[in-house]
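For reference, the structure is listed below as structure tokens.
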Amino acid sequence: MRETLRVAAYAVVVRNGQILLARSPDGEGGHEWVLPGGGMEHGEDPYDTVRRELTEETGYRIDVTGLLGIDSARHTFTHRLRPPEDHQALRLVYEGMVSGGELRPEVNGSTDLAAWHDLGAVPKLRKVRMVDIGLELWLERPVTGRVAKAGG
């Protein structure tokens with residue numbers, strides 16, 4: 001079985017009761033909202049990753065104001081033509097504050113829209129679980145830097 005590890009960095013950016021999210025295709029012809037951020041490039045510092053990715057996906061520049069925590073997930077992926085893959089995702093979640101730039105969609109990237117959403121509307125959005133994890137870290141600020149997972 002092939003083993004892979006992907007490290008990514010995401011930002012929770014909240015201002016005036018709204019959170020900044022990016023929209024990503026869901027692979028089924030629809031879209032889902034995600035935290036701005038993404039995968040680290042080899043040799044890149046995660047602090048630089050979150051700032052780069054947020055600018056790419058939203059047009060904003062941010063100041064990182066804190067490390068909220070880390071999320072780890074492990075999945076086994078099966079492929080028809082390849083051996084199974086034991087995949088681990090390690091996701092660093094930062095808090096950020098907009099320091100410049102202008103809101104705009106990403107061009108030729110993994111997202112197609114960036115927008116502010118009222119915090120109260122987030123539960124009704126079609127979103128990935130990482131949005132909920134990031135918001136929980138932002139709200140609770142657990143000393144362990146992690147939130148409890150359903151069933152675990």
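Counting the residues of the stretch 38-59 that are closer than 17 Å to N108 by Cα and either in contact (Cβ under 8 Å) with a residue 40 or more places away in the chain or not in a strand (DSSP E or B) (or both) gives 9. The residues of the stretch 109-144 that are assigned to a helix (DSSP H, G or I) and open to solvent by 60 Å² or more (accessible area, probe 1.4 Å), listed by number, are G120, P123, K124, R129, L139, E140.
Yes/no matrix, rows are residues, columns are (1) more than 17 Å from G38 (Cβ to Cβ); (2) in contact with an Asp or Glu (Cβ under 7 Å, 6 or more places away or on another chain):
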site: E53; (1), (2): no, no
site: D71; (1), (2): no, no
site: H75; (1), (2): yes, no
site: G120; (1), (2): yes, no
site: L135; (1), (2): yes, no
site: W138; (1), (2): yes, yes
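Criterion applied to E106, E95 was being in contact with a Ser or Thr (Cβ under 8 Å, 6 or more places away or on another chain), more than 21 Å from E28 (Cβ to Cβ) and crowded, with 16+ Cβ neighbours inside 10 Å, and the one residue passing it is E95. Scanning for something part of a strand (DSSP E or B), closer than 22 Å to G145 by Cα and not charged (D, E, K, R), does the stretch 95-106 turn up at least one residue? Looking through the stretch 95-106, at least one residue is part of a strand (DSSP E or B), closer than 22 Å to G145 by Cα and not charged (D, E, K, R).
Among the numbered conditions (1) among the hydrophobic types (A, V, I, L, M, F, W, C); (2) touching a residue at least 12 places away in the same chain (Cβ under 8 Å); (3) more than 26 Å from G29 (Cβ to Cβ), the only one that L139 does not meet is (2). If you go through the stretch 36-61 and keep only what is open to solvent by less than 50 Å² (accessible area, probe 1.4 Å) and either of a type in the set (D, E, K, R) or more than 14 Å from the chain's Cα centre (by Cα) (or both), you end up with E44, E53, E57, G59, Y60. Within the stretch 71-90, restricting attention to residues that are in a strand (DSSP E or B) and open to solvent by 80 Å² or more (accessible area, probe 1.4 Å), which residue is nearest to V12 (Cα to Cα)? Selected residue: R74. Within the stretch 1-15, the set of residues being open to solvent by less than 40 Å² (accessible area, probe 1.4 Å) and at pLDDT below 95 comprises just one member, T4.
A quick yes/no check of all residues on (1) under 19 Å from the mean Cα position of the chain (by Cα); (2) not hydrophobic (A, V, I, L, M, F, W, C):
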site: F77; (1), (2): no, no
site: R80; (1), (2): no, yes
site: P84; (1), (2): no, yes
site: V93; (1), (2): yes, no
site: E102; (1), (2): no, yes
site: L113; (1), (2): yes, no
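Would you please name the residue that is surrounded by the most Cβ atoms within 10 Å (Cβ to Cβ), looking only at residues in the stretch 16-35 that are assigned to a loop (DSSP other than H, G, I, E, B), of a type outside the set (G, A, S) and at negative phi?
L35
The values are calculated or read from the model by the stated rules, or taken from the named source; none is laboratory data. These numbers were taken from a predicted model, which means no experiment stands behind them. Cβ atoms come from the backbone with ideal geometry, glycine included; neighbour counts cover every protein chain shown. The protein model used for the area step is the full one, side chains on, heavy atoms only, and it has no ligands, DNA or RNA in it. Shrake-Rupley method; radii C 1.70, N 1.55, O 1.52, S 1.80 Å.
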